[in-house]
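Here the structure is laid out as structure tokens; the discussion comes afterwards.
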Amino acid sequence: MTNPSISIVFPDKKLPGDLAMWFFILAELTVFAIFFIGFSISEQLNAAMFSQGKAQLHQTAGLINTIALITSSFFVAIALTKIHKAQAKQAVLLLLTAKAFAIIYISVKIWEYLSLFEQGITIETNTFFTLYFLITAFHLMHVLLGMVILAFLAHSAWHNKYQDKGLSGFEAGTSYWHMVDLLWIILFPLIYVI
């Protein structure tokens, strides 16, 4: 008796977006990984300083920013499903909502920086705050770039550009935004909580 041959068919799997964006995302994740490792090593060498520094941060602000970015990514993910269903106008509204939550993040982050400055805390205060300002400001720059990308995606979707030339650009832009969110999900506990 012979065993019948079992054929399993897998649909074509591919990364969303294009390969160039994934190389860029990988490069950015590598840079942040180096920051995270440096932060962790510095924390091991200066535990008391880092504990005191974390106590001076606004953990509620960090939590609000976490919620804002996760919510923003939620709307970006729904926008991607809408664009796949050729519902471009709905995708635009979702992207604009995502940008509104990103603006909340930026506003809270600026308030947090100003609050620390008012206390006399700057990038030169100590190693903890040097790393805090460098890492969070670098992340903030990525949020700002992500907002430009979301605006471009919304503009292109509004003008039905993705029906003609495929969804690769839209997928690449949303993948970048999710990377920005993922980085904050790592940053928040590393810098504010643990």
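Computed from the coordinates by the stated procedures, all read-outs in this text should not be read as laboratory data. It should be emphasised that the depicted structure is a prediction, and the values quoted were computed from it without experimental measurement. Cβ placement follows ideal geometry from the backbone for every residue including glycine, while neighbour counts extend to all protein chains displayed.
Percent of C-alpha pairs per 5 Å bin in the stretch 57-120, short distances first: 4, 20, 21, 16, 13, 9, 8, 5, 3, 1, 0.
Between helix 59-84 and the chain there is an angle of about 10 degrees, using the helix long axis and the longest principal axis of the Cα atoms. With a Förster radius of 25 Å applied to the C-beta separation of Leu29 and His155, the computed FRET efficiency comes to 0.40. Pairs of lysine residues in the chain that meet both criteria, 8 or more places apart or on different chains and Cα atoms under 30 Å apart, total 26. Relative to the dominant Cα principal axis of the chain, helix 19-45 is inclined by about 30°.
Dipole of the stretch 59-193 computed with +1 at Lys/Arg Cβ and -1 at Asp/Glu Cβ about the Cα centre; of Thr136, Phe101, Gln90, farthest Cα towards the positive end is Gln90. Taking each residue as 0.36 nm, the span from Ile103 to Ala47 lengthens on full extension beyond its C-alpha to C-alpha distance by 16.8 nm.
Based on the inverse mean of 1/r over its pairs of different Cα atoms, what is the Kirkwood hydrodynamic radius of the stretch 59-193, in Å? Mind dumping the intermediate values first?
Working: mean 1/r = 0.0643 Å⁻¹.
Mean inverse Cα-Cα distance, inverted, gives 15.6 Å.
Taking the longest Cα principal axis of the chain as reference, the axis of helix 168-187 is set at about 30 degrees.
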